[in-house]
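Chemist: Please read through the structure below; I'll follow up with questions.
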Amino acid sequence: MKEKSPSSRTIIRYILYVITLIFVIAGIKIASVYKQIYVSNILTPQKKPVYINIPTGSDYNDVVVMLDSLKLIRNRKTFDWAAVRKKYPDNVHPGRYRITNSMSNNELINMLRSGMQEPVNVVINMARTTDELADKVSGQIEARKGELLDLMRDDAYLAQFGFNSHTVIGMFVPNTYEFWWNTSAEGFLKRMYKEYDRFWDRGRTARAKEINLTPNDVMTLASIIIYETNKEDEYRRMAGVYINRMNQGMRLQACPTIIYALGDFTRQRILKADTYVDSPYNTYLHDGLPPGPIGIPSIKAIDSVLRYEKHDYLYFAAKEDFSGYHNFARTLDQHNKNARSYQKALNRRNILK
């Protein structure tokens, strides 16, 4: 058998050396790529999750400025490298994102690029005015207060939902709702109408019809009751008083409507002069219910109106012991005695208004 020449062995060694070198370089390159994509590159304060809100219309530069300002990225160079190769600059999505400690570039970019945002829990509870409501909501989603108010004051826009600027606050049923942070003002109102429609199911709607009230009437009366008493066990009885008055053609003469008309929600006492305030919400001057709710009523109050207590009371006055409860009366004479007792108690405490 013929042996290989020295030159042949040299060529083979050279080829093996080149192949080995290629594998080494490739290994180094792969390791470098792996490090830039898959190794942890996020450090959150105290290793706790951080939430960022990416506004609608943001670009890649806006996002990295935000991340830099929070000092979340250890190595910006590797993040930019990975972001470009995964085409994140062309796929920036607005929303609220949860960033956890030790995330890799790959994990963070995949989450941001796919728009895998975290929902926010928007709390709708007692608010006296649409201004107050818009202020609360705008602090929880991207929609601005002004944008929300513009829609809630636009009768033409609200007509599609069957509401107007006076009644719209009754469209908001108190609860906690999941929203995407980047929800627009219009998206918010459309969602809340769906929730309202779901709340006013066949059973509640039928019950309102049985007692000759519309859903808006029920919401309006419930909103008066929650500001008349903070005792839920009085809701049904108080609802019965107002319904008795309406059925007999009497004015409601509800003090909370005077406070609403005055716009001074710090008032603890209504004076005789206050009952002449010029406002469609003044139930001392105008028959029936006011044009719309004077705040967002609780579900308990709404259902208390629908299932009001049947009795023959026509009046009530706060108890003079300041317990929060009320004395109910069938006659005006008895009511006046109850009212004088409470007024004397206010005087003793020097509560003038």
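Chemist: The range 114-177: which trypsin sites (Lys or Arg not before Pro) are DSSP loop and have at most 16 other beta-carbon atoms within 10 angstrom?
Modeler: Details: sites: Arg128, Lys136, Arg144, Lys145, Arg153; in loops: Arg128, Arg144, Arg153.
Passing sites in the range 114-177 are Arg144, Arg153.
Chemist: Which of the chymotrypsin sites (Phe, Trp or Tyr not before Pro) found in the range 214-280 are in a DSSP loop and have at most 15 neighbouring Cβ atoms, other than their own, within 10 Å? Write down the numbers at each step before the final one.
Modeler: Numbers: sites: Tyr227, Tyr235, Tyr242, Tyr260, Phe265, Tyr276; in loops: Phe265.
Counting only loop positions with at most 15 other Cβ atoms within 10 Å, the chymotrypsin sites (Phe, Trp or Tyr not before Pro) in the range 214-280 are Phe265.
Chemist: A further question on this structure: Taking the convex hull of the Cα atoms, report for the range 103-217 its projected area averaged over all directions, in nm².
Modeler: Working: hull surface 35.7 nm².
The number I arrive at for the range 103-217 is 8.9 nm².
Chemist: Given the C-alpha centroids of the range 102-155 and the range 162-212, what is the distance between them in whole angstrom?
Modeler: The distance from the Cα centre of the range 102-155 to that of the range 162-212 comes to 18 Å.
Chemist: From the square roots a ≥ b ≥ c of the eigenvalues of the alpha-carbon gyration tensor of the range 182-277, which class results: rounded (a/c under 1.5), prolate (a/b over b/c), or oblate?
Modeler: Details: a/c = 2.29, a/b = 1.32, b/c = 1.74.
Oblate, since a/c reaches 1.5 and b/c is not below a/b.
Chemist: Looking at Pro174, Ala317, Ile54, which one has the Cα that reaches farthest to the positive end of the dipole of the chain (charges on Cβ: Lys, Arg +1; Asp, Glu -1)?
Modeler: Ile54
Chemist: Please report the equivalent ellipsoid semi-axes of the range 202-348, computed as sqrt(5 x eigenvalue) of the Cα gyration tensor, largest first, in whole Å. Write down the numbers at each step before the final one.
Modeler: Details: eigenvalues 113, 61, 42 Å².
Listed largest to smallest, the semi-axes of the range 202-348 are 24, 18, 14 Å.
Chemist: Once you have the alpha carbon radius of gyration of the chain, what is it after dividing by 2.2 N^0.38 Å, with N set to its residue count? Mind dumping the intermediate values first?
Modeler: Details: Rg = 33.3 Å, N = 353, 2.2 N^0.38 = 20.4 Å.
Computed over Cα atoms of the chain, the ratio equals 1.63.
Chemist: Something else about it: Quick check on the range 46-88: take the gyration tensor over C-alpha atoms, sort the square-rooted eigenvalues as a ≥ b ≥ c, and tell me if it's rounded (a/c under 1.5), prolate or oblate. The partial results should precede the final answer.
Modeler: Values: a/c = 2.02, a/b = 1.14, b/c = 1.77.
It comes out oblate by the Cα gyration axes.
Chemist: Normalised by the residues of the chain, what does the relative contact order come to in percent, with Cα pairs under 8 Å and at least six apart?
Modeler: Relative contact order, the chain: 14 percent.
Chemist: Quick one: how many lysine pairs does the range 202-348 have with C-alpha atoms less than 25 Å apart and a gap of 8 or more or different chains? Give me the count, please.
Modeler: Lysine pairs meeting both conditions in the range 202-348 amount to 16.
Chemist: Using only alpha carbon pairs under 8 Å that are at least six residues apart, calculate the relative contact order of the range 49-186 and give it in whole percent. Numbers along the way, then the final one.
Modeler: Details: 184 pairs, mean separation 35.8, N = 138.
In percent, rounded to a whole number, it is 26.
Chemist: Compute the long axis of helix 332-348 from its Cα atoms, compare it with the longest principal axis of the Cα atoms of the chain, and write down the angle in degrees, 0 to 90, nearest 10.
Modeler: Approximately 60 degrees, to the nearest 10.
Chemist: Follow-up. Debye sum, Cα scatterers, the range 142-210, no solvent: what log₁₀ I/I(0) at q = 0.15, 0.17, 0.27 1/Å?
Modeler: Here log10 of I(q) over I(0) equals -0.53, -0.66, -1.31.
Chemist: If each DSSP helix of 4+ residues adds -39,500 (n - 2.57) and the sum is divided by the residues in the chain, what number results at 222 nm, nearest 500 deg cm²/dmol? Before the final figure, lay out each step's value.
Modeler: Working: 14 runs with 168 residues, N = 353.
Calculated mean residue ellipticity at 222 nm is -15000 deg cm²/dmol.
Chemist: I would also like to ask the following. Please list, ordered by chain and number, the residues whose modelled amide H lies under 5 Å from the amide H of His326; skip anything fewer than 5 residues away on the same chain.
Modeler: Those qualifying (amide H under 5 Å, at least 5 residues apart or on another chain) are Lys319.
Chemist: Could you grab the relative contact order for the range 126-233? Cα pairs under 8 Å, six or more apart, rounded to a whole percent. Mind showing how you got there, number by number?
Modeler: Working: 76 pairs, mean separation 23.2, N = 108.
Once normalised by length, the contact order is 21 percent.
Quick note: the coordinates plus some simple rules give every number you see, no bench work behind them. Everything quoted here is computed from the prediction, not taken from an experiment. Because the Cβ atoms are built from the backbone with ideal geometry, glycine has one as well, and the counts that use them run over all protein chains shown.
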